[in-house]
Amino acid sequence: MKSHGFLQTLRALYAGQSLTRIRMNYALAKHTLRGRVLDVGGGRNPDYFAYLRRAGNVSVEAVDHSLTGIDFEKDLLPYGEHTFDTVLACNVLEHVYNHQFLLREIHRVLMPRGTLIGFVPFWTGYHPDPHDFFRYTDEALTRMLTEAGFKNVAVERIGGGPLVANFNTTVLSVPRIFRPVLFMIYATADRMFVSLRPQSVLRNPLGFLFTATCS
């Protein structure tokens, strides 16, 4: 499993990653893949697999428009019921207008008591792939997953205070060589702000990591 921490964050920023992506990967490092795994919408060899834990023998299959031509708006996932032990859906729901259709399809292909692990960005810029429709709150995600038939829904805020959120919206416009230094300035100021206004973290998430189990 790939290491993570402050120095790794600086390296990843210099390499061109957004802070949302970095924090998402670190949050995923607490979760474990089991059995047969389906990666929905992740494309080819997404970097988050380097952070996720694995329990025993794990096999991974991917389904994505760029790989299989599938349209998540209307196409059934090309698998039978109760096929996968784990499904990943990272940075995909915001690009799907008919998101409930996709969530029901994920529920269909999951084994009973199988696990869905996913992430959606919140405080981030417009990023069509090929469309960018939504920004979800934790309340919306909980309701969406529950209505799709999932149980044990848990949603975790990822990010920090308002200054970190502001950094995330501007960092990709800054030359890479300056990004690590700029982050250290913003992160220090953000910790000071949050110490005075702790509730500010509730209003400025970079994104939400969610998990749920199939009933």
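Quick look at the numbers
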read-out	value
Cα-based reach from Lys30 at 20 Å (exclusive), listing aspartates and glutamates while leaving out same-chain residues under 8 positions away	Asp39, Asp47, Asp85, Asp138, Glu156
Theoretical gain in end-to-end length, Phe134 to His31 [0.36 nm per residue, Cα-Cα removed]	34.6 nm
For Gly114, distant residues with modelled amide H under 5 Å away	Cys214
Residues of the range 105-136 with amide N under 18 Å of a point placed 7 Å along Cα→Cβ from Lys2	118-121
Mean projection area, nm², convex hull over Cα of the range 78-215	9.5 nm²
Charge tally in the Cβ shell below 12 Å around Phe167, where Lys, Arg are +1 and Asp, Glu are -1, Phe167 excluded	+1
For Gln17, net neighbour charge (Lys/Arg +1, Asp/Glu -1) across residues whose Cβ lies under 11 Å away	+4
Integer Hz, Karplus 6.51/-1.76/1.60 couplings in order for the range 122-134, x for Gly and Pro	10, 8, 8, x, 4, 9, x, 7, x, 10, 9, 9, 9
Long-range amide H partners of Cys90 with built H, under 5 Å	Val40, Phe119
Residues of type lysines that Lys74 reaches as a straight line, Cα spacing below 27 Å, ignoring anything fewer than 8 places off in the same chain	Lys151
Of the DSSP H helices in the chain, those whose Cα atoms cover at least 30 Å axially and whose Kyte score averages -1.0 or more	none
Sequence of Leu141, Leu13 once ranked by neighbouring C-beta atoms within 10 Å, starting from the fewest	Leu141, Leu13
MRE, 222 nm, helices only [DSSP H, n ≥ 4, -39500 (n - 2.57), over the chain, to nearest 500]	-10000 deg cm²/dmol
Mean separation of Cα contacts under 8 Å (6+ apart) over length of the chain, as relative contact order %	24 percent
Theoretical FRET efficiency, 1/(1+(r/R0)^6), r = Cβ-Cβ of Asn98 and Glu61, R0 30 Å, to 0.05	0.85
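Each reported figure results from applying straightforward, stated rules to the coordinates on display, with no laboratory input. The model shown is predicted, which means the values in this text are computed figures rather than measured ones. Ideal geometry is used to build each Cβ from the backbone, glycine not excepted, and the neighbour counts take in all protein chains shown.
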